[in-house]
Amino acid sequence: MKNLIFVLLCCIAWHYTYAQNKGSITNVLHHEHSHGIAPNQRTCGTMEVHHKMLKDDPDYAKNLERIEQFTQEYIKNNQNAKTSAIITIPVVFHVVYENSAENISDLRLNEQLDVLNQDFGKTNTDASLVPSAFQSLHVDTEIRFCLATKDPNGNPTTGITRTSTTVSTFSISSNNVKFTSSGGKDAWNTDKYLNIWVCDLGTSLLGYAQFPGGSAATDGVVLNYRYTGKTGAGAPFNKGRTATHEVGHYLNLRHIWGDASGCSPDDLVSDTPTQDESSSGCPTYPYTDACQTSSPGIMFMNYMDYTDDACMYMFTAGQKARMKAALAGPRSSLITSSATNCTGGGGGPTTCDTLFYPFPGTPTLYKITSSGQWGYISGTNSYKDQSKANRFSGHSTAFNQVKGVIFKFEKAHYSNVNNTINVRLWNESAGKPANTSLTSVPINMGTISSHVSSNQYTVVNFSSPVNVGSTFYAGFSFNMSGSNYAYPSDTVALRSNANGDTNPGIAWEQFSSGDWYPFSSTSSWQVNLALAIMPIACPSSINIEDKTIDNSFNLQVFPNPNDGTFEIVYPLFSKYAVVSVYNMLGQEVFTETITQNQDKVYQKQLNLSEKAKGLYVVRVTDGNFIATKKVQVH
């Protein structure tokens, strides 16, 4: 009992010492309206929210003390417990956006879910980097996360809501992203769902969470859209670890340094070394401080420190015990939630997806018109560029096969309808595309031209899937010296987005010399943009070669979610097929019988904007195969 009283006193001191050492909530409000460069130091607003709640809610401190007493009793009574069953928490992502860049894709949200499952399950690829001195402490927390399939009314859901707003930057002090009345989105029942809001918090604040014991109306996690998921997220916080850190807070973990300087403040976990202050960047192991003066030093690679995403990769057994106590106590209703019949808890994707879609930013086509030069920077121009490509990195490593590429060409002229360009994939070598491509598939100029005329996407399916590395490039090449391409009579140009719409280093080009440069470099155009190149990526767990009855991995629907207008793309293996769309009542809202064309690809743009908002199912049958895919209309 003396030990318990001591811990509770430490807990109470922790609540108020933070206020004395870190100041008031106003110290972090500059994050809300900062639109400068990305932060070089992790910034978490959880303790600022905590301090404000202590000030505004007299019951909050009492709740914390009761929860801490339960936590310590639970840990004491379960310290010899062996591995228990996996606990799965249903998640709903609330994407609140003012523009298309903030309306991040399902891909990024699923990547984020993958990261949570990997980090909490000790299956993260960088787990091997944990130093030997700490390896015995590194554990699988036996906690997993999945997208809810039932909303609070029992209706089917994708586990993702999308809300358009006029709010440019949301406020940590008012929590306005959590209320529909203030331009945000009301929480789903916080007893049954882990609510994760994704919105614009400015460029400095990465996210924040609410500890157990606070108001139900504001319970959950808030993530800055810039640092959510991996694809397109801002470095050095582009590996999804902001969510890992904040969900740790949501499950009652404190910052590892105790949120005050000196060696007395504690994170209430017995197996994490005390440390003087937060870490930053990527320290070199062993890293010592005033509290840990010799090797192994502090545990800077812990998810609850402030290091960069690439340098945090572990939870400890003690942290697991605290989180399990939260799920046995103040968060126990999540375990019995009816929403736990949900998807995505396995830690990896189970179907193919289109990387980099929806295409971010403002559709643009840059043309050279000065200095005696002419042509398009995203295609043919007088510099006789050989190739154009996008770099893909940070996507889920499970997407290690590419079965095709989707392009959006804006210009195409040909001297011969049968002249071609070559669609290619490259792995990365020495920070640029490798000298040898992984595949090269010709596509006729006439085909591209017809797609431009009808405002269609150009879909190139490979005869067999191509294995790619964790960083690869997708694009096309001109054959300047070949007989199948006539320069300058044959011209193509891709759609791009506007300068500044994406991070540097996405779009690349190969000069006539054979050298590769990013568009953002001083040797190239010095613009930060992406090209409309979208690989169809698949996990290797899907047997793409085996044409089974379920052919859903070949059906592409994008953008998804959407405002009612979307594209359906499907390779035609048979002479005839039927395409149908159903609402969640099973009513058919669209049907069409199609015949195999020269391209052997069905492509259709549907407009359901006059139909009811909600979930629809696209279904394709051709006598041999059945393909289905859910699509969300907002």
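Filtering the range 122-150 to residues that are open to solvent by 10 Å² or more (accessible area, probe 1.4 Å) and small (Gly, Ala, Ser) leaves Ala127, Ser128, Ser132, Ala133, Ser136. If you filter the range 270-285 down to residues that are open to solvent by 10 Å² or more (accessible area, probe 1.4 Å) and touching a Cys at 6+ places or on another chain (Cβ under 6 Å), you find that the one that is nearest to Pro131 (Cα to Cα) is Cys282. Applying the selection to the range 103-115, what residues are in contact with a strand residue (DSSP E or B) (Cβ under 7 Å, 6 or more places away or on another chain) and closer than 21 Å to Thr502 by Cβ? Within the range 103-115, Asn103, Ile104, Asp106, Leu107, Leu109 meet the criteria. Those strands (runs of 3 or more DSSP E) of the range 428-499 in which at least 3 residues are at pLDDT 90 or above and either polar (S, T, N, Q) or closer than 21 Å to Ala530 by Cβ (or both), considering only elements entirely within it, cover 439-444, 471-477, 491-494.
The set of residues from the range 475-494 being among the aromatic types (Phe, Trp, Tyr) and open to solvent by 50 Å² or more (accessible area, probe 1.4 Å) comprises just one member, Tyr487.
For the range 436-447, the criterion of being farther than 17 Å from Ser378 by Cα, surrounded by fewer than 15 Cβ atoms within 10 Å (Cβ to Cβ) and either under 26 Å from the mean Cα position of the chain (by Cα) or without any contact (Cβ under 8 Å) to a residue 24 or more places away in the chain (or both) is met by at least one residue. Restricting the range 96-119 to residues that are among the aliphatic types (A, V, I, L, M) and farther than 27 Å from Pro330 by Cβ leaves a set whose member that is most open to solvent (accessible area, probe 1.4 Å) is Ala101. For the range 369-393, a tally of residues being in contact with a strand residue (DSSP E or B) (Cβ under 8 Å, 6 or more places away or on another chain) and open to solvent by 20 Å² or more (accessible area, probe 1.4 Å) returns 8. The residues of the range 240-269 that are among the acidic types (Asp, Glu) and either part of a loop (DSSP other than H, G, I, E, B) or open to solvent by 10 Å² or more (accessible area, probe 1.4 Å) (or both), listed by number, are Asp259, Asp266, Asp267. Is it the case that Gly220 is closer than 19 Å to Pro504 by Cα, open to solvent by less than 10 Å² (accessible area, probe 1.4 Å) and of a type outside the set (S, T, N, Q)? No: the conditions fail for Gly220. Of all residues in the range 207-226, exactly one satisfies the criterion of being touching a strand residue (DSSP E or B) at 6+ places or on another chain (Cβ under 8 Å), in a loop (DSSP other than H, G, I, E, B) and of a type in the set (Gly, Ala, Ser), namely Gly220.
Inside the range 47-84, residues that are at pLDDT 90 or above, surrounded by fewer than 19 Cβ atoms within 10 Å (Cβ to Cβ) and either touching a strand residue (DSSP E or B) at 6+ places or on another chain (Cβ under 6 Å) or outside any helix (DSSP H, G or I) (or both) make up a count of 1. Among the residues of the range 286-305, the ones that are touching a Pro at 6+ places or on another chain (Cβ under 6 Å) and surrounded by fewer than 18 Cβ atoms within 10 Å (Cβ to Cβ) come to 3 in all. Taking the criterion of being small (Gly, Ala, Ser) and modelled with pLDDT under 90, the residues of the range 321-337 that qualify are Ala328, Gly329, Ser332, Ser333, Ser337. If you check Gly229 against the conditions, is it of a type outside the set (Asp, Glu), in a loop (DSSP other than H, G, I, E, B), surrounded by fewer than 23 Cβ atoms within 10 Å (Cβ to Cβ) and under 13 Å from the mean Cα position of the chain (by Cα)? Here the answer is no, as Gly229 does not meet what is asked.
The values are calculated or read from the model by the stated rules, or taken from the named source; none is laboratory data. Source: prediction; values computed, not measured. Here the Cβ is made from the backbone with ideal geometry for all residues, glycine too, and neighbour counts use every protein chain on show. Areas reflect the complete protein model, heavy atoms only, side chains present, ligands, DNA and RNA absent. Shrake-Rupley method; radii C 1.70, N 1.55, O 1.52, S 1.80 Å.
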